[in-house]
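Taking it in order: structure first as structure tokens, then the write-up.
The values are calculated or read from the model by the stated rules, or taken from the named source; none is laboratory data. Nothing here was measured: the structure is a model prediction, and the numbers come from that model. Cβ atoms come from the backbone with ideal geometry, glycine included; neighbour counts cover every protein chain shown. Areas reflect the complete protein model, heavy atoms only, side chains present, ligands, DNA and RNA absent. Shrake-Rupley method; radii C 1.70, N 1.55, O 1.52, S 1.80 Å.
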Amino acid sequence: MVSNNIRKCSYADSGISESTTVKWVNPRYACYWLESCQGQHELDDCEYQRRERSGKLGIYYSSNAEYRRFLRDKINYKDLSTNPTGCTMVLLLIYKIENKTTCVLFVTKFLKEKRHKYEKESTRQSLLAFPSSNPCKKGEDHTEVALRALQTITDRQEILENYQLRLKRFLFVDAISIYPFLVTSEQAKLLMRKYSQNEEVHSLHWFSLPEILNQLPEWPNYLTKEAHGEALAQIKHVQHPTIQLKRDIDGKIFTLWSVTTNVLNKFIHEGADTVQLDFAKARLSLKMNPTGNLLEEFIEINNRMLDRCNDDEKK
């Protein structure tokens, strides 16, 4: 997230010139965590932000976009009194529905990735991810963070207007909140036509949901612990194989960021785990229970999800 933008300047005082190095603060990453920060440094350089923006491990689905609040994460022994939602990043799962096909928007960014366990350090690569942003102020409304994520790809009011009303639900998983965000066909065309490359997002790409699901690895028994009382369900932390998607127009191959792969898998399984089959209607229909209707907006996904369920999940 840090921009690493450094500039040199000089000043003259009493006839003596001296050269000094001053770090330029990128407005995209300016820190307002405390009132005293006032955007004078970047988030990654703020010791208060690093100390107080602790994340919560676990997974839950919010059907009304309301956050649960915590005082402490007992799994990783983190104090959450200064960040009670436990959210440290917001992602937007932007999608459109055209010709009865759901397509999901990805952006390309330079992101740190460690593909093999034996690699000592992560390397920056151009990878597919979701538009994202981080809270830059203590107690910041996460819908404002979602707006900043959206603004990394567009400044068009036709798309930005009433954005809060469209953030109807989210999936929280391991300190990340993922909001589904529907755009119309007209908005999708405008988004692509008016997009300009910037230092954070280099390009935009649509991929069909069936193609994405076909590439995602199977993930049986992904929960390590069920939710109980106030305790959140916990998920296995596994290293999935590299996922690649091919662009139709020219056959170019793009690689998914491992974090994106994990998020997508958790989206799919959080819905698939609560599928119920109704055989009384002489057809297969998928019904989500109140805590598992995460993918109800995706009208095409039903049969795709059914194909991925094992026999126990179909019972």
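A few notes on this one:
- Scanning region 176-210 for residues that are outside any loop (DSSP other than H, G, I, E, B), closer than 30 Å to Asn83 by Cα, aliphatic (A, V, I, L, M) and out of contact with any Gly (no Cβ under 9 Å at 6 or more places or on another chain) yields Ile178, Leu182.
- Close pairs from region 52-73: first over 21 Å from Lys225 (Cβ atoms) and modelled with pLDDT under 95, partner surrounded by 18 or more Cβ atoms within 10 Å (Cβ to Cβ) and hydrophobic (A, V, I, L, M, F, W, C), Cβ under 7 Å, at least 6 apart: Ala65/Leu167; Ala65/Phe170
- Here is the figure for region 61-76: residues that are more than 14 Å from Arg169 (Cβ to Cβ) and surrounded by 15 or more Cβ atoms within 10 Å (Cβ to Cβ) total 3.
- Every pair of residues 6+ apart whose Cβ atoms lie under 9 Å, when the first sits in region 190-208 and is free of Cβ contacts under 8 Å to residues at least 24 places away in the same chain while the second is surrounded by 13 or more Cβ atoms within 10 Å (Cβ to Cβ): Met192/Leu204; Met192/Trp206; Gln197/Ser203
- Candidates Thr143, Thr85, Thr102 - the one that is in a helix (DSSP H, G or I), open to solvent by less than 70 Å² (accessible area, probe 1.4 Å) and not aromatic (Phe, Trp, Tyr): Thr143
Yes or no, residue by residue, for (1) under 19 Å from the mean Cα position of the chain (by Cα); (2) open to solvent by 10 Å² or more (accessible area, probe 1.4 Å):
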{"residue": "Ser177", "(1), (2)": "yes, no"}
{"residue": "Lys194", "(1), (2)": "no, yes"}
{"residue": "His205", "(1), (2)": "yes, yes"}
{"residue": "Ile212", "(1), (2)": "yes, no"}
{"residue": "Gly229", "(1), (2)": "no, yes"}
{"residue": "Ile235", "(1), (2)": "yes, no"}
{"residue": "Ile249", "(1), (2)": "no, yes"}
{"residue": "Ile253", "(1), (2)": "no, yes"}
{"residue": "Thr260", "(1), (2)": "yes, no"}
